[in-house]
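The values are calculated or read from the model by the stated rules, or taken from the named source; none is laboratory data. Everything numeric in this text was worked out from a predicted model, so none of it was measured. Cβ coordinates were reconstructed from backbone atoms using ideal geometry, including for glycine residues, and neighbour counts include every protein chain displayed.
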Amino acid sequence: MASARRVSGFPTRNPGTNDRPGSRDADKEEIWKPMLDSISSGKRLPEKSLLVLGGTPETQREFLESVSTDGPNGRRQQDRGRKPPIANQFALGSFEPTWKALTSSDTLARLSLYLLASPSPSFTPLIKPYLNPRTVPHMLVVILLDWNQPWLWIRQLRDWIRVLRSLVVSLDDASKEVLHENIAILQDKGRTLGGEGNTSMENVKIPLGPGEWDEPLGLPLCVVCQNADKIESLEKERGWKEEEFDFILQYLRTILLKHGGSLIYTMPSAPGSLQTLVHSTLGIKSLLKQEQLRHNVTDRDRVLVPPNWDSWAKIRILRGNFEVEEISEKWSIDIDVPERMTQANEQSQAESETAADTPSPTSSTSDHTPDTSATAIYEKEIRNPQYDFTLSTLSKQGNGIEVESTHPQAFLAGQVQILDQLRQEDEKDAALKAARKEADPSARNWVVAGTSGEDTSGVVEEHIGPVQFNMGGIHVNADEMVKRLQDREANRTGEPKASSPDAQDPNAMSNDKLMSFFSGLINKGGANSPARGS
């Protein structure tokens with residue numbers, strides 16, 4: 001019986017080949033790779049850039065703390081006592097935080113922060129590498145102003161706008177093209193008639209009004225006026241009124257309207273809607289919490305002017321005598337980049353410019369400001385007390401409490417002159433009285449009889465006034481009685497009488513009586529004393 005072979009169902013492999021059996025691993029790899037790529041691209045964080053200009057390292061740090069979005073369980077509360085490591089002490093500073101949602105731990109964006117405190121043309125090349133076609137559409141420019149020195153604001157704004165304009169001119173063609181596209185996007189942002197619940201007017205664009213976007217920069221601009229709590233101290237200490245605060249607000253709004261910028265007043269204890277304003281300008285949106293920007297131009301310490309909201313008509317409502325057209329035209333002349341900001345003059349300008357913490361910016365010291373410029377008009381109305389603290393300034397303050405004190409030596413010298421004048425007047429009065437006494441014998445007799453004469457009586461009368469008393473129900477004026485007695489005695493002495501041998505001088509009689517009185521006392525004392533030698 002022939003043995004039957006069992007045929008195996010497993011695949012056979014030729015001994016000459018080392019290939020593995022076929023499978024669908026390659027197809028599975030092609031399926032998972034697109035899925036993983038799509039998930040990673042969905043979780044990719046948007047990258048935003050923030051260019052902070054002006055201020056000091058301390059105010060820049062306060063600004064970063066105001067816009068920080070760390071949650072309640074984040075690192076900010078745990079390390080509240082420590083300062084975050086921010087490199088903003090020298091030239092161009094940098095910082096790269098991450099913004100998180102307020103109601104969750106989800107990260108909203110990755111931020112690249114650049115800080116510059118001085119508007120020196122020498123620092124402009126440091127910013128240029130960060131302006132490229134990739135970063136320009138996602139960048140916001142913030143200019144920090146301080147309420148401790150509001151008289152420097154327009155000059156500081158002028159210098160920073162000049163720096164930005166010179167920087168934009170020096171960019172390459174690709175970056176300039178992106179800037180032009182960005183301007184069109186920014187002008188149309190939020191300029192539709194469609195409000196909440198009104199979708200039929202969403203595509204209707206509001207045309208630009210006069211003075212709007214006349215000088216676009218290509219980048220969104222936000223001006224932050226810090227330390228708004230100093231407004232009250234300006235009102236109390238310097239006598240500022242509502243006219244000054246309204247003038248400053250109208251001036252800033254007119255300037256920012258030309259650049260399409262926004263304005264906000266903040267204070268360390270209440271940053272207000274600063275975080276919402278920055279997020280909306282950069283296009284950062286949270287899926288859980290959406291906050292709407294609401295304008296506020298009535299509360300003088302909580303002002304908020306969103307971009308593409310303001311107009312000349314709204315600016316005039318605040319105070320009608322403000323020349324918005326004139327300021328707008330002259331501002332375009334002020335921000336023209338002078339020739340000194342060219343590359344050829346950068347070296348000499350860097351040697352002659354002042355430090356960043358001086359009262360005025362660098363360019364203000366060497367740049368001549370005409371009296372009719374927008375900067376000069378502002379500084380004429382909002383005067384700098386460090387340079388123009390004169391009596392004319394004090395006269396404008398209705399309730400000013402400032403009083404200029406004189407030097408102590410000058411005050412004492414004036415008092416010496418007054419004392420000399422009084423002494424001369426006293427000497428003249430004494431001479432007149434002496435001459436009167438020599439000419440009038442009756443007056444001389446009364447002076448001898450009295451203790452101190454007219455001087456003493458005059459001093460007493462000056463202090464106690466007329467002496468009056470009631471005697472037996474009859475009101476008696478003692479001064480009047482004394483005067484009558486003096487007149488009667490004067491009449492008696494003036495009458496001619498026959499001289500008698502017994503008549504004696506009353507002064508001599510009084511002296512004899514006094515001498516006899518004292519001699520009697522001496523004799524009486526000697527009689528009562530014991531005899532000597534007993």
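Some notes on this structure:
- Close pairs (8 angstrom Cβ cut-off, 6 or more residues apart or separate chains): touching a residue at least 24 places away in the same chain (Cβ under 8 Å) in the stretch 117-130, buried (at least 19 other Cβ atoms within 10 Å of the Cβ) and among the small types (Gly, Ala, Ser) anywhere: Ala117/Gly54; Ala117/Gly55; Pro119/Gly54; Pro119/Ser363; Tyr130/Ser49
- Residue in the stretch 284-307 that is without any contact (Cβ under 8 Å) to a residue 60 or more places away in the chain, assigned to a helix (DSSP H, G or I) and over 21 Å from Gln156 (Cα atoms) present: no
- Condition met for Leu179 (under 33 Å from the mean Cα position of the chain (by Cα), surrounded by 14 or more Cβ atoms within 10 Å (Cβ to Cβ) and modelled with pLDDT under 95): no
- Contact map, the stretch 208-233: residues that are part of a helix (DSSP H, G or I) paired with residues that are surrounded by fewer than 17 Cβ atoms within 10 Å (Cβ to Cβ) and not basic (Lys, Arg), Cβ distance under 8 Å, separation 6+ or inter-chain. Pairs shown: Lys230/Asn148.
- Evaluating Leu277 against the criteria (1) out of contact with any Pro (no Cβ under 9 Å at 6 or more places or on another chain); (2) within 28 Å of Lys176 (Cβ to Cβ); (3) touching a residue at least 12 places away in the same chain (Cβ under 8 Å) leaves one unmet condition, (1).
- Enumeration of residues in the stretch 317-340 that are outside any loop (DSSP other than H, G, I, E, B), free of Cβ contacts under 8 Å to residues at least 12 places away in the same chain and of a type outside the set (Asp, Glu): Ile317
- If you check Leu391, Leu419 for being of a type in the set (A, V, I, L, M, F, W, C), surrounded by fewer than 11 Cβ atoms within 10 Å (Cβ to Cβ) and modelled with pLDDT of 90 or more, only one passes: Leu419.
- Filter result (closer than 20 Å to Tyr251 by Cα and either without any contact (Cβ under 8 Å) to a residue 60 or more places away in the chain or of a type in the set (S, T, N, Q) (or both)) within the stretch 131-163: Asn148, Gln149, Gln156
Yes/no per residue for (1) modelled with pLDDT of 85 or more; (2) farther than 15 Å from Gln250 by Cα; (3) crowded, with 21+ Cβ neighbours inside 10 Å:
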residue: Pro268; (1), (2), (3): yes, yes, no
residue: Leu274; (1), (2), (3): yes, yes, no
residue: Ser286; (1), (2), (3): no, yes, no
residue: Arg294; (1), (2), (3): yes, yes, no
residue: Val297; (1), (2), (3): yes, no, no
residue: Leu304; (1), (2), (3): yes, no, yes
residue: Asp310; (1), (2), (3): yes, no, yes
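- Residue within the stretch 246-261 that is assigned to a loop (DSSP other than H, G, I, E, B), touching an Asp or Glu at 6+ places or on another chain (Cβ under 9 Å) and surrounded by fewer than 21 Cβ atoms within 10 Å (Cβ to Cβ) present: no
- Restricted to the stretch 312-337, and to residues there that are modelled with pLDDT under 90 and more than 22 Å from Leu221 (Cα to Cα), the residue that is surrounded by the fewest Cβ atoms within 10 Å (Cβ to Cβ) is Gly320.
- Checked against the criteria, Pro150 does not count as crowded, with 16+ Cβ neighbours inside 10 Å, modelled with pLDDT under 90 and in contact with a helix residue (DSSP H, G or I) (Cβ under 8 Å, 6 or more places away or on another chain).
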